[in-house]
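Visitor: Dropping a structure here in structure tokens format, bear with me for questions.
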Amino acid sequence: MTMHAPKLPANIATPAYVLDEAALKRNMSVAARIKSEAGCKILLATKAFSLPAAFPLMRDTLDGTTASGEYEARMGHEEFGKEVHVYSPAFFPGEVERLTKIAKHIYFNSAEQVRRYLPVVKKAPGVKIGLRINPGYSQATLGGPLYDPCAPFSRFGATRDTLDDVPWDEVSILHAHALCEARHTGSAGLIEHVAKNFAPYIRKVDAVNFGGGHFINKPGYDVDALIRAIKAFRAEFKVEVILEPGAGLVVDTGYLVASVIGIHRNEKDIAILDASASTHMPDVLEVPYTPHIIGADIVEPGTAPARKHSYILGGKTCMTGDIIGEYAFNKPLSVGDHVIFTDMMQYSFVKNNTFNGVPLPDLAVLNTDGTYKVLRSFGYDEFRRRLG
Ligand SMILES: Cc1ncc(COP(=O)(O)O)c(C=O)c1O
């Protein structure tokens with residue numbers, strides 16, 4: 001995807017994750033259209049993007065947040081301030097009781113978990129119970145089985161054969177998360193699959209949550225197809241529909257700005273950055289994928305790039321595989337040059353670590369009026385504090 005360079009300060013401190021406010025507003029307008037035309041709720045999955053400073057830009061559009069456990073739920077409650085939903089495949093001792101004080105929608109992983117926690121939830125008036133099912137809907141998705149909640153032996157959700165054991169009178173929400181970076185065919189396919197295969201159970205609940213993985217702001221995603229699928233589902237079952245995307249709400253809304261700190265040669269030119277795949281872009285290694293850089297081409301193996309100056313880019317950690325990719329630039333790289341990775345808001349800073357004592361990048365915002373604001377810088381203290 002071609003992207004124009006954002007107007008960043010020439011003396012920007014790097015590495016820095018930079019949220020582009022204008023891009024986030026653009027994404028929010030797509031979410032607003034889906035909500036109003038499909039008549040559904042949309043929550044932010046904070047596991048993908050936990051940046052409280054951005055919540056004021058999202059709060060008016062979205063219905064709330066969905067959490068993976070107590071800490072995210074607490075952040076959603078304190079910083080976002082609307083509905084808080086939470087799901088976990090299992091909970092820590094005491095966690096559900098504490099959650100009932102801040103989350104009105106708690107989702108369990110099985111009939112056994114619903115029964116186990118029913119007495120705790122019953123003590124908290126107004127808390128609704130959700131049940132995550134494993135819909136058995138595997139799409140060819142990003143990362144294959146690594147990111148497929150319906151992969152063989154998945155620990156996520158009650159399988160079809162266990163659903164008659166569920167105390168349905170106690171369950172208000174059926175939850176079916178099965179997607180990852182899915183286009184509209186995946187979203188509509190999941191909705192139709194659940195309608196076709198789980199109708200008797202849908203008729204026992206008030207709401208169906210189709211999870212995350214709807215890549216609604218990715219170019220090529222046909223939002224109208226999603227809206228049609230939700231409307232058809234609502235018309236058939238007369239239930240509330242909830243979506244809880246993370247990545248799809250913040251895709252292409254920010255950057256990781258890095259600097260070249262060294263150049264090495266070993267048959268090829270290698271530029272070492274102050275950002276690292278291992279510490280700052282773990283998905284590059286985990287998925288794996290190669291992120292785009294503004295003004296550079298990704299060098300595909302066996303191809304001759306149009307730009308002439310190729311470099312392998314890597315971090316300064318000791319991990320040999322801490323390689324971001326191979327890129328071609330218009331001119332040779334020098335120490336001090338900036339490199340801007342695009343699409344770096346989801347599953348990036350939420351997964352950071354300080355392996356090798358590599359500093360954490362700044363968190364910053366590029367406002368619509370062009371001002372650049374650093375929200376937080378991290379130093380040695382952050383590294384030391386976590387080591388006890
Ligand atoms: C239960 C659940 N809901 C929502 C999400 C958000 O998914 P995404 O960020 O791909 O939209 C995830 C991601 O793993 C999830 O497990």
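The values are calculated or read from the model by the stated rules, or taken from the named source; none is laboratory data. Treat the numbers as computed from the prediction; the structure is a model and nothing was measured. As a convention, Cβ positions derive from the backbone with ideal geometry for all residues, glycine included, and neighbour counts pool all protein chains shown. With ligands, DNA and RNA removed, areas are computed over all heavy atoms of the protein, side chains included. Shrake-Rupley method; radii C 1.70, N 1.55, O 1.52, S 1.80 Å.
Visitor: Across every pair of different alpha-carbon atoms, what Kirkwood hydrodynamic radius in Å does the chain reach? Could you put the intermediate results ahead of the total?
Guide: Numbers: mean 1/r = 0.0450 Å⁻¹.
After inverting the mean inverse Cα-Cα distance, the result is 22.2 Å.
Visitor: Kindly work out what percent of the DSSP beta bridges joining two residues of the chain are antiparallel, to the nearest 5. Present the calculation step by step, with values, prior to reporting the outcome.
Guide: Working: 29 of 64 bridges.
Antiparallel bridges: around 45 percent, rounded to the nearest 5.
Visitor: Taking the Cα centre of the chain as the origin and placing charges on Cβ (Lys, Arg +1; Asp, Glu -1), which of HIS264, ALA73, GLY336 is farthest toward the positive end of the dipole?
Guide: Of the listed residues, the answer is ALA73.
Visitor: Which trypsin sites (Lys or Arg not before Pro) does the range 318-388 hold that lie in a coil by DSSP with at most 15 other beta carbons within 10 Å?
Guide: In loop regions of the range 318-388 (DSSP not H, G, I, E or B), the sparsely surrounded trypsin sites (Lys or Arg not before Pro) are ARG386.
Visitor: Based on the Cβ-Cβ distance of HIS193 and LYS122, what FRET efficiency does E = 1/(1 + (r/R0)^6) give at R0 = 22 Å, to the nearest 0.05?
Guide: The formula returns an efficiency of 0.10 here.
Visitor: Also, I was wondering about something else. May I ask you to compute the full-extension gain from ILE294 to PHE383, defined as 0.36 nm times their residue separation minus their alpha-carbon distance, rounded to one decimal in nm?
Guide: In short, 29.0 nm is gained.
Visitor: What list of ³J(HN,Hα) couplings, whole Hz, do you get for the range 250-260 from phi and the Karplus terms 6.51, -1.76, 1.60, once you set θ to phi - 60° and write x for glycine and proline?
Guide: 10, 4, 6, 10, x, 10, 10, 9, 10, 10, 6
Visitor: A further question on this structure: Enumerate by residue number the trypsin sites (Lys or Arg not before Pro) in the range 256-308 meeting two conditions: DSSP loop (anything except H, G, I, E, B), and at most 12 other Cβ atoms within 10 Å of the site's Cβ.
Guide: Sites meeting the loop and neighbour criteria: LYS308.
Visitor: Still on this structure, I have one more. With a 1.4 Å probe and all protein chains left in place, how much accessible area per residue does the chain have, in Å²?
Guide: Solvent-accessible surface per residue comes out at 45 Å².
Visitor: DSSP loop (so not H, G, I, E, B), at most 12 other Cβ within 10 Å: list which trypsin sites (Lys or Arg not before Pro) in the range 151-191 pass both filters.
Guide: ARG155
Visitor: Then there is this: Using 1/(1 + (r/R0)^6) with R0 = 41 angstrom and r between the beta carbons of PHE92 and ASP269, what's the FRET efficiency to the nearest 0.05?
Guide: 0.25
Visitor: Right, here's the next one. All other residues with a Cβ under 11 Å from the Cβ of HIS214 taken together, and with Lys, Arg as +1 and Asp, Glu as -1, what is their net charge?
Guide: 0
Visitor: For the Cα atoms of the chain, what angle does the longest principal axis make with the long axis of helix 21-34, in degrees from 0 to 90, nearest 10?
Guide: With both axes taken from Cα atoms, the answer is about 30 degrees.
Visitor: Also, I was wondering about something else. Report, to the nearest 10°, how far helix 223-237 tilts away from the longest principal axis of the Cα atoms in the chain, using its own Cα long axis and a range of 0 to 90°.
Guide: 10 degrees
Visitor: Give a residue-ordered list of calculated ³J(HN,Hα) values for the range 267-274 (Karplus: 6.51 cos²θ - 1.76 cosθ + 1.60, θ = phi - 60°; whole Hz; x for Gly, Pro).
Guide: Per residue, the Karplus-derived 3J(HN,Hα) values read 6, 10, 7, 10, 9, 9, 10, 7 Hz.
Visitor: So how tilted is helix 111-122 from the main axis of the chain? Cα-based, degrees 0 to 90, rounded to 10.
Guide: On a 0 to 90 degree scale, this one is about 80.
Visitor: Moving on. Provide the net charge surrounding ALA23, with neighbours chosen by a C-beta distance below 15 Å and charges set as Lys +1, Arg +1, Asp -1, Glu -1. Present the calculation step by step, with values, prior to reporting the outcome.
Guide: Values: positive: LYS7, LYS25, ARG26, LYS218; negative: ASP20, GLU21, ASP252, ASP343, ASP369.
In short, -1.
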